[in-house]
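The values are calculated or read from the model by the stated rules, or taken from the named source; none is laboratory data. Since we're looking at a predicted model, the values are computed, not measured. FYI the Cβ positions are ideal-geometry reconstructions off the backbone, even for glycines, and counts take in every protein chain you see. Protein only, heavy atoms only, side chains kept; ligands, DNA and RNA dropped before computing areas. Shrake-Rupley method; radii C 1.70, N 1.55, O 1.52, S 1.80 Å.
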Amino acid sequence: MKKLMTGNEAIARGAYEAGVLVACAYPGTPSTEILENVSAYDEIYSEWSTNEKVALEVAFGASVAGARAMASMKHVGLNVAADPFFTIAYEGVNGGLVVITADEPGMHSSQNEQDNRLYAPHAKVALIEPSDSQECKDYLKRAFEISEQFDTAVLFRVTTRVCHTKGIVELGEREEVGIKEYIKNPKKYIMVPANAKEKHIEMERDRLPKLHEFSNTTDLNRIELNDSKIGVVTSGACYMNAKEALGDKVSYLKIGFSYPLPDEKFKEFAEKVEKIYVIEENEPYMENFIKALGIDCIGKEEFPLCGEITPQIIKKVVLGEKTPSTYKLDILPPNRPPALCAGCPHRGIFYEMSKYKNKINVTSDIGCYSLGASAPLSVGDTVVCMGAGFSAGIGFDRVNKMAQRGKKVFGVLGDSTFFHSGMTGLVDAVYNKSDLVMVILDNRITAMTGHQENPGTGKNIMGEEAPMIDIVSIVKACGVKEENIRVINPYIMSQNKEAIKSALEAKGPFVIVTKQPCALIKEVQKKRANLYSEVDNEKCTKCKACLRIGCPAISMVDGRVLIDKVQCNGCTVCVQTCPYKAIKVHQERGGENE
Amino acid sequence: MNKSLLLAGVGGQGIILVSKILSEGLMEEGYDVKMSEIHGMSQRGGSVTTQIKFGEKVYSPIINAGEADVLVAFEKIEALRYIENLKSGGTLIVNEEEIFPLPVLAGLEEYPDGVIEELKNKVDHVINIDARKVALDLGEAKSSNIVMLGVTVKALGLEDIDWEGKIKKYLPAKTHEKNILAFRKGLETL
Ligand SMILES: Cc1ncc(C[n+]2csc(CCOP(=O)(O)OP(=O)(O)O)c2C)c(N)n1
Ligand code: SF4
Ligand code: SF4
């Protein structure tokens, strides 16, 4: 049967067909839909793990116990999981183990564009790169075979264009490979120094040469001979872009198995073509290797290192083609950045914080609330990686004190981020007697990545009820004093105000937990569907105070302030902000207010 | 020859759904199809695009400057934003609907006047329609994306594919009737 599938759907299908029994992930674009699709197969146990390190460790445990297992994550997730990754490389596997990294050349929705292929030579783990949806499915099955054949974890690297492009896939059947016997083997699975020393030597001496030989012989690395003038070495999405741009005008060496790289295949290809272009996004990974073999090739001197390499760029570099003609207009569009939704529970407290611009610094984090850093709220001094909202705040606060700036630091992060890596920062703040104010925006969902369950939501990925882990209890258990904890409804501005005021005056670590579910959660939408606010234009003085809260439902058209009934969910943040009491909330039939 | 289609709009307008319906119809018609949906921040009202290429053999759906045969803009200023992707002589389908982005709402930037006139003056083939109004007249504002699907299908000359079946597959049963009417209205526009 043929089906139109994204790369992520095809990977999930591949996991099913490969007989995978355990799949773990932490959400992150562009990898999220892999596990979401896997969870639809009853044969596979799937879990949203607390973070990527946990996901990989759970998958590793499952592999040692004898099942085929996988962990998927976005590129920066592998940084979090790097610790187990490097040592699992020594230990190898029992059931096949595949780590899927979804990289983001072009940073469509990420904070960096690191090239995770480089993890493979660093950790000495086999690397596979599919180019389209069909290969996602087929190569994932190969990855499990390779993992078991060579007793190694396999890194499976995809990029946004592979993950999020739909293409036609020919489906296969599931092969039940079952659970292998587990035999206790401390020399293999207990990496104390004595064993690790041996394992490291074994890996270098036995496994890597075998993988190297495999790389030179496998059909995953294949030469497509056409004209011999130009040869293109490429992999992943770039192969598709090169084929789109150059078709059969040039010859290809398509690399699907990219660590260890196939030196013999490169030499063979170099003998067959006159001029070699290496087309790869981000780092010159293959290019450096080929140049080290003494083979001449053109890579980053002509192709960009930053961002994606599109068919148009390839046509320009290889064929010298000009940009095709198009239209130029005299009117430029205004920007359309993403914004906190109408009725977003994060808005109220961000608006309140925005009033203290000269009194506080805000170390923010990655989640919908990173949008609070844009105008008009403009709250946030730093955003770096998940968890840093708290930990960076601890350092910022120390130095503010040393420099006697008289500014308090607020660290901000969401519920999913709190469980992922915010808890460790909280413990650090308490243990090291920081005066950091820690704001936990509990909207009861992992919103940014498209609404996944997390340990605080009471459900798991399979839709079952799950224990709901209570954030406030954790905060208390970590030793934050009762008087330094505020649990508030962020739709109520007086509560936001009081919490921030108390935080400014407090000594020692202070925690504010805002509790209000994301406005896009289905039940919330249903419950608030009939609520909306309306401006009384008699009372409105056009002071524009309501426009400064940055709600996309509020606009000023022809000198009148208007609220879009459809978008508005009656959160009343604007109602409470209007100094002239010109906005009122209404309720059409049914529905309930807080 | 492969044909390329760039759909541009605002998060929440339902352009990914339209793209899925289009791609599946094209596949069943026997074309090779690739569709790229980059939806990172789409739910938060940001600008969203999907790219569809179909033909005998398609490798990559990526569309750069001057490469789209058809640009379907689900909102007026998104036509301005992506016009450089339309090839000279290509067709622009534009929904006259206005959705103010946050910088405009906050008074930091202005929503331009005379967009449709500018497009009609400069671009050779423009099909403009107020899809939201058409859908509202049918009593379901949300169907404006399906009106746009109808216009697009007609402009591509692909009316023979079973689109109504696809609409039924992808949309909830209670909306079928209105969406099918919306689709037919779209077809009739040209
Ligand atoms: C290490 C890492 N993993 C995953 C992501 C992707 N990601 C960005 S924000 C986010 C979670 C946000 O959830 P939450 O903290 O609950 O905030 P919300 O978006 O719900 O406001 C995730 C998973 C990331 N940026 N870094
Ligand atoms: S009540 Fe006001 S702030 Fe809240 S969603 Fe409606 S318009 Fe926006
Ligand atoms: S998705 Fe939810 S948390 Fe994110 S901006 Fe919208 S309402 Fe806020």
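Which residues among segment A:311-329 fall inside the zone where the amide N is under 18 Å from a point 7 Å beyond the Cα of B:ASP124, along Cα→Cβ?
So the set is A:323-329.
Using +1 at the C-beta of Lys and Arg and -1 at the C-beta of Asp and Glu, which of A:TYR182, A:PHE214, A:MET203 has the Cα lying farthest in the positive direction of the dipole of segment A:2-217?
Looking along the dipole axis, the top candidate is A:MET203.
What is the magnitude of the charge dipole of segment A:477-594 about its Cα centre, with +1 placed on the Cβ of each Lys and Arg, -1 on the Cβ of each Asp and Glu, and no other charges, expressed in debye to the nearest 20?
My answer is approximately 120 debye.
Which three extents, in whole angstrom, do the alpha-carbon atoms of segment A:347-523 cover along their principal axes, largest first?
51, 36, 30
Of A:LYS141/A:LYS180; A:LYS497/A:LYS581; A:LYS166/B:LYS168; A:LYS565/B:LYS133; A:LYS243/B:LYS168, which ones are farther than 24 Å apart at the Cα?
Details: A:LYS141/A:LYS180 17 Å; A:LYS497/A:LYS581 18 Å; A:LYS166/B:LYS168 20 Å; A:LYS565/B:LYS133 17 Å; A:LYS243/B:LYS168 36 Å.
Violating the 24 Å Cα-Cα cut-off are A:LYS243/B:LYS168.
Once amide H atoms are placed 1.01 Å from N in the peptide plane, what residues at a sequence separation of 5 or more from A:ASN221, or on another chain, have their amide H within under 5 Å of its amide H?
Amide H neighbours of A:ASN221: A:GLY256, A:PHE257.
Using 0.36 nm times the number of residues separating A:GLU523 and A:MET1, minus their current alpha carbon distance, what extension gain do you get?
Full extension of this stretch gives 184.3 nm more.
With only Lys, Arg, Asp and Glu charged, each at its Cβ (+1 for the first two, -1 for the last two), find how big the charge dipole of segment A:221-319 is about the Cα centre; round to the nearest 20 debye.
The dipole of segment A:221-319 has a size of about 200 debye.
Give the separation of the Cα centroids, segment B:63-84 to segment A:260-307, in Å.
Between the Cα centres of segment B:63-84 and segment A:260-307 lies a distance of 35 Å.
Which value at 222 nm does chain A reach when only helices count, each DSSP H run of 4 or more adding -39,500 (n - 2.57), with the total divided by all residues and rounded to the nearest 500 deg cm²/dmol?
-9000 deg cm²/dmol
Heavy atoms of the protein only, probe of 1.4 Å, neighbouring chains included. What is the accessible area of B:HIS125 in Å², nearest 10?
Rounded to the nearest 10, that gives 90 Å².
Evaluate the charge dipole of the protein assembly as shown about its Cα centre and quote only its size in Debye, nearest 20, assuming +1 on the Cβ of each Lys and Arg and -1 on the Cβ of each Asp and Glu.
Numbers: 94 positive and 106 negative charges, 481 e Å.
With Lys and Arg at +1 and Asp and Glu at -1, about 2300 debye.
Buried by at least 10 Å² relative to the chain on its own: which residues of segment A:363-409 qualify, computing accessible area with a 1.4 Å probe on protein heavy atoms?
Residues shielded by partner chains are A:CYS368, A:LEU371, A:ALA375, A:PRO376.
Suppose R0 equals 41 Å; then what is the FRET efficiency for A:ASN489 and A:LYS433 from their Cβ-Cβ distance, rounded to the nearest 0.05?
Rounded to the nearest 0.05, the efficiency is 0.85.
Quick one: longest stretch of chain B between exposed loop GluC sites (Glu not before Pro), exposed meaning at most 10 other C-beta atoms within 10 Å and loop per DSSP?
Numbers: sites that count: B:GLU56, B:GLU110, B:GLU159.
Segment B:1-55 is the longest.
Could you give the C-alpha radius of gyration of chain B expressed as a fraction of 2.2 N^0.38 Å, taking N as the number of residues it contains? Mind showing how you got there, number by number?
Working: Rg = 15.8 Å, N = 190, 2.2 N^0.38 = 16.2 Å.
So chain B has a normalised radius of gyration of 0.98.
Do any GluC sites (Glu not before Pro) in segment A:467-548 lie in a loop, going by DSSP, with at most 14 other beta-carbon atoms within 10 Å of their beta carbon, and if so which?
Those satisfying the criteria are A:GLU538.
Determine one quarter of the surface area of the Cα convex hull of segment A:528-592, which equals its mean projected area, and express it in nm² to one decimal.
Directional mean of the projected Cα hull area for segment A:528-592 stands at 4.1 nm².
State, in square angstrom and to the nearest 100, the accessible area buried between chains B and A, both chains counted, probe radius 1.4 Å.
Interface area, both chains combined: 5200 Å², rounded to the nearest 100.
Accessible area of the protein assembly as shown with a 1.4 Å probe: how many percent of it is carbon plus sulfur?
That fraction is 51 percent.
Are there GluC sites (Glu not before Pro) in segment A:6-44 that DSSP marks as loop and that have at most 15 other Cβ atoms within 10 Å, and which are they? Numbers along the way, then the final one.
On the way: sites: A:GLU9, A:GLU17, A:GLU33, A:GLU36, A:GLU43; in loops: A:GLU43.
Taking segment A:6-44 and a limit of 15 other Cβ atoms within 10 Å, the loop GluC sites (Glu not before Pro) found are A:GLU43.
Can you tell me which aspartates and glutamates have their Cα less than 15 Å from the Cα of A:LYS316? Leave out same-chain residues fewer than eight positions away.
Hits, sequence-local ones excluded: A:GLU244, A:GLU301, A:GLU302, A:GLU308, B:GLU67.
Heavy-atom accessible area per residue, chain B, 1.4 Å probe: how many Å²?
That works out to 39 Å² per residue.
Note down the net charge around B:LYS142, summing +1 for each Lys or Arg and -1 for each Asp or Glu among other residues with Cβ under 13 Å from its Cβ.
Counting the neighbours of B:LYS142, the net charge comes to +1.
Say R0 is 45 Å: what FRET efficiency, to the nearest 0.05, do A:LYS272 and A:ASP83 get from their beta-carbon distance? Show your work: numbers first, answer last.
Numbers: r = 43 Å, r/R0 = 0.95.
Efficiency at R0 = 45 Å is approximately 0.55.
Let me see the pair-distance distribution of segment A:481-530: every alpha carbon pair, 10 Å bin width, integer percents in order.
25, 40, 22, 13, 1
Given 4 °C and 1.567 mPa s, how large is the Stokes-Einstein diffusion coefficient of segment A:48-90 in µm²/s, with Rh as the Kirkwood radius over Cα pairs?
126
Using only helices, what value at 222 nm comes out for chain B when you add -39,500 (n - 2.57) per DSSP H run of length 4 or more and divide by the total residues, to the nearest 500 deg cm²/dmol?
-11000 deg cm²/dmol
Could you sort A:ARG336, A:ARG205 by their accessible area in this structure, using a 1.4 Å probe and putting the largest first?
Ranking A:ARG336, A:ARG205 by accessible area, largest first, yields A:ARG205, A:ARG336.
Take the Cα atoms of chain A, find their three principal axes, and give me the spread along each one in whole Å, biggest first.
Rounded to whole Å, the extents work out to 81, 66, 55 Å.
What accessible area per residue, rounded to a whole number of Å², is obtained for chain A using a probe radius of 1.4 Å? Don't jump to the answer; show the numbers that get you there.
Values: 23700 Å² over 594 residues.
Per residue, chain A has 40 Å² of solvent-accessible surface.
Quick one: Karplus J couplings for segment A:429-438, per residue in order, coefficients 6.51, -1.76, 1.60, θ = phi - 60°, nearest Hz, x for Gly and Pro?
Residue by residue, segment A:429-438 yields 5, 5, 4, 9, 6, 7, 9, 4, 9, 10 Hz.
Which loop-located GluC sites (Glu not before Pro) does segment A:276-319 contain, where loop means any DSSP state but H, G, I, E or B and the Cβ has at most 16 other Cβ atoms within 10 Å?
Those that pass, being in a loop and sparsely packed, are A:GLU301, A:GLU302.
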